[in-house]
1. Could you pull out the residue among Tyr200, Tyr158 that is under 18 Å from Asn235 (Cα atoms) and without any contact (Cβ under 8 Å) to a residue 40 or more places away in the chain?
2. Test each condition in (1) surrounded by 18 or more Cβ atoms within 10 Å (Cβ to Cβ); (2) outside any helix (DSSP H, G or I) for Asn240 and report the one that comes out false.
3. Filter segment 126-181 down to residues that are crowded, with 18+ Cβ neighbours inside 10 Å, more than 30 Å from Thr216 (Cβ to Cβ) and among the charged types (D, E, K, R), then give me how many there are.
4. Going through Asn194, Asn165 one at a time, which residue ends up being assigned to a helix (DSSP H, G or I), in the same structural domain as Val115 (by TED's automatic domain parsing) and at pLDDT 95 or above?
5. Quick one: which of Asp155, Asp85, Asp99 is at pLDDT below 95 and either in a helix (DSSP H, G or I) or within 28 Å of Ala210 (Cα to Cα) (or both)?
6. Based on this model, can you work out whether Leu218 counts as surrounded by 23 or more Cβ atoms within 10 Å (Cβ to Cβ) and either assigned by TED's automatic domain parsing to the domain that holds Ser141 or under 16 Å from the mean Cα position of the chain (by Cα) (or both)?
7. How about segment 103-119: which of its residues are out of contact with any Asp or Glu (no Cβ under 8 Å at 6 or more places or on another chain) and at pLDDT 75 or above?
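The values are calculated or read from the model by the stated rules, or taken from the named source; none is laboratory data. On a predicted model such as this, the values are computed, not experimentally measured, just so you know. Glycine also receives a Cβ, built like all others from the backbone with ideal geometry; neighbour counts cover every protein chain displayed.
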Amino acid sequence: MSTTSTHIDRKALKQQDEFFKSTKSIFDHLAENSKAVGIAGAGLLVLAGAWMAYSAVQESKEGKARDALYVARQSIEKELQVIADREKPTQPPATKGKDGKEVKSEPVKATLEDVAYKKLDVAATFPESQKKLTEVFEKHSGTRAAFEARLAMGDLFYDHGQAENAIAHYEAASKIAPKAFEKAMAFYALAYANENAGKYGDAAAAFDRALSLGETSLRAELLTGLGRVHGLNKNVAEANKALDKVISEFPTSDHAKAAELLKSQFGSGK
């Protein structure tokens, strides 16, 4: 006869009874409050539906804004191409053939890259592009495309020698940046525009605002820029303070080399 026992003691039976009682009480409670549970469930469904509808509207809004920004950027290329086409073709230097005779090459037309940073009257050169970019950040406010359109407008002025006019657009972009990194980039651009316009104090303030956001991937570049504009503003002590941080925090980087060079240019400040 087997000695294996299938006996269940009273303690085990009592535990099972308590389990079934507690489970039954849960279902009894749900049954008694089925109306409330149903209302709550319906409420959750309504909220889920509302969120889906909101997300769909937002995605549609973002999509329209992206399309408008694409059209604006295409307009910039077209108007730049007009400038490139007006440029006088450059004549490459003559080469010598196998027979030793001079061989002249065909003149080379200017490309978009050749005029991308050419000093221009932006208002006169890019009327359609300015109009389309303005439509993006005015008609599609609250979208990422609106932020990018503001930056693009600033770039249009900055790239073509009108840094003073770029400042307002970079400042506006910083206020509508979707995240910290984008905001830091807007302040970074603002700092460069102020520096280019000779406003070194304002440039330093913009670099500080960018640094305060804590974006580590930009820190070396921002500290170097901060040191540079302080030096240009004859504030050598503050320049060295920023540049020393670059050297100590990023010792093997190109930024550290640039910082050392800047320190030698600005002097000790004593």
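1. Values: Tyr158 fails: under 18 Å from Asn235 (Cα atoms).
Matching residue, one of Tyr200, Tyr158: Tyr200.
2. The number of the failed condition is (2).
3. Counting residues in segment 126-181 that are crowded, with 18+ Cβ neighbours inside 10 Å, more than 30 Å from Thr216 (Cβ to Cβ) and among the charged types (D, E, K, R) gives 1.
4. Values: Asn194 fails: in the same structural domain as Val115 (by TED's automatic domain parsing).
Within the list Asn194, Asn165, the selection yields Asn165.
5. Values: Asp155 fails: at pLDDT below 95; Asp99 fails: either in a helix (DSSP H, G or I) or within 28 Å of Ala210 (Cα to Cα) (or both).
On inspection, the qualifying residue turns out to be Asp85.
6. Details: surrounded by 23 or more Cβ atoms within 10 Å (Cβ to Cβ): no; either assigned by TED's automatic domain parsing to the domain that holds Ser141 or under 16 Å from the mean Cα position of the chain (by Cα) (or both): yes.
In short, no.
7. Lys104, Ser105, Glu106, Pro107, Val108, Thr111, Glu113, Lys118, Lys119
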